[in-house]
Amino acid sequence: MAHAAVACLAAAMVFLGIMAAGATAAGMNSDMMWIDSATAKPDTYAAFRGPFELAADGEIELRTLASSWYVVWLDGQYVEEGPTRFEVKHPQYQSRRFKLAAGTHVLAVQLHHIGAETRMLLDMPPFLYCNVTSGGSEIPVQWKCSRLPGYRPQVRRINPQLGWIEWCDTRQNPQEWQSPGFDDGKWPQPVPANTKLEQIAPVTIGPVQYLTHPGKVIAQGKLAEVFGYEFDDVPARFLLRDLVCDKLPPQGVWRRYDLGRVRLARPRFVLDLPEGAVIEFAYSESLSDGRVSPYITLSTGQSCNLDHYVARGGPQEFFPLTPKGGRFVEVHVFADAEKVRFVKEEFVERT
């Protein structure tokens with residue numbers, strides 16, 4: 001009887017192993033996660049944090065993949081973004097290697113669920129895959145997650161071929177949540193994602209490079225609003241602003257930058273601003289009558305190539321999640337000009 005019980009148990013384990021392998025191949029990978037089991041609404045931003053331990057100094061491999069755009073920080077430093085384009089039947093994860101000291105390290109990931117098909121990615125249920133290995137063994141990561149409530153969803157599509165603009169009141173998001181010392185004790189654990197992917201494999205192209213360029217200011221001045229209301233026509237409101245203020249009292253400041261050529265990039269600025277200041281970055285491939293126009297030509301529909309933020313107050317980094325194409329960038333800041341300080345102005349190019 002004992003031998004029969006052992007044989008049955010062994011057979012059951014083999015059967016479960018086969019089922020597990022089949023589930024993984026069918027996209028039921030338990031490593032793929034999301035913030036909750038509810039149906040995700042389009043244009044949702046999620047934050048993930050996960051500490052892990054290294055028993056000794058060594059090298060780790062970080063493997064990442066997501067349903068749509070994501071950025072990764074390791075111990076508070078920006079280290080990765082993605083995904084590379086992939087087919088549902090051939091998903092591929094990105095890989096980066098880092099040498100780390102023994103002890104506790106913290107991963108932080110921000111993921112934007114687009115919830116619509118673009119020319120680069122299909123619409124699919126949201127998921128994040130983020131795996132750490134060292135010496136051929138997987139390192140456990142204790143994940144926590146949260147929706148980022150500061151983002152107002154579905155304000156405008158960039159154009160019908162791309163995703164959504166970023167419209168964010170940063171005061172509503174947890175401050176410095178990417179930093180290792182942030183307290184995520186009240187955040188829930190993620191749940192398995194409802195994915196329908198085949199088994200993932202390593203990416204077959206070379207790693208994407210990130211190049212940092214200093215901001216080259218080519219013009220600047222004071223500005224005033226002339227078109228209302230805030231959501232009536234977002235790109236028109238930007239383009240119609242008075243950048244001379246010879247008749248209207250100024251309401252803020254603006255600066256224009258030249259990246260030298262058309263690049264896929266995003267600003268990484270540190271601005272010292274009063275609470276409630278409004279910041280907008282607009283992007284264009286060329287200047288229209290000397291100005292940056294946030295309209296994209298040949299878009300097959302309405303376009304809006306800008307991002308919008310409300311400041312917490314004090315020195316703060318503004319670093320849009322998704323890079324955008326353009327050579328010229330214009331930043332508009334609505335605040336008392338005497339209280340606006342540009343601390344750092346640079347652009348991160350994806351190439």
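Key figures for this structure:
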{"item": "Gain upon complete extension [V343, D183; 0.36 nm per residue less C-alpha separation]", "result": "54.9 nm"}
{"item": "Estimated distance in nm for a label pair at K89 and F227, the labels positioned 7 Å out from Cα along Cα-to-Cβ", "result": "4.6 nm"}
{"item": "Peptides ranked, highest mean first, by Cβ atoms within 10 Å: ranges 160-170, 180-190, 70-80", "result": "160-170, 70-80, 180-190"}
{"item": "Helix 2-25 axis, angle to the chain major axis (alpha carbon atoms, nearest 10°)", "result": "20 degrees"}
{"item": "Distance violations [Cα-Cα > 21 Å] among K247/K344; K216/K247; K196/K324; K89/K324; K222/K344; K216/K324", "result": "K247/K344; K216/K247; K196/K324; K89/K324"}
{"item": "Computed magnitude of the charge dipole of the stretch 210-350 (debye, nearest 20; Cβ of K, R +1, Cβ of D, E -1)", "result": "500 debye"}
{"item": "Net lengthening on full extension, D289/C245 (0.36 nm per residue, minus Cα-Cα)", "result": "14.1 nm"}
{"item": "D258-L122 pseudo-label distance in nm [points 7 Å out on the Cα-to-Cβ vector]", "result": "4.4 nm"}
{"item": "Cα centroid separation - the stretch 34-66 against the stretch 311-351, whole Å", "result": "26 Å"}
{"item": "Burial ordering of K99, K324, fewest other beta-carbon atoms within 10 Å first", "result": "K99, K324"}
{"item": "Highest-fluctuation residue, S303, S137, S179 considered, GNM on the chain with Cα pairs under 10 Å", "result": "S137"}
{"item": "For semi-axes √(5λ) of the Cα gyration tensor in Å, calculated from these coordinates, the label among (i) 36, 26, 21; (ii) 29, 26, 20; (iii) 43, 21, 18", "result": "(iii)"}
{"item": "Alpha-carbon centroid distance for the pair the stretch 211-243 / the stretch 114-185, whole angstrom", "result": "27 Å"}
{"item": "The chain, relative contact order in percent, only Cα pairs under 8 angstrom and at least six apart counted", "result": "19 percent"}
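Each value in this text was obtained by applying a stated rule to the coordinates, not by laboratory testing. All values derive from a computational prediction rather than experimental measurement. Positions of Cβ are generated from backbone atoms using ideal geometry, with glycine treated the same way; all protein chains shown enter the neighbour counts.
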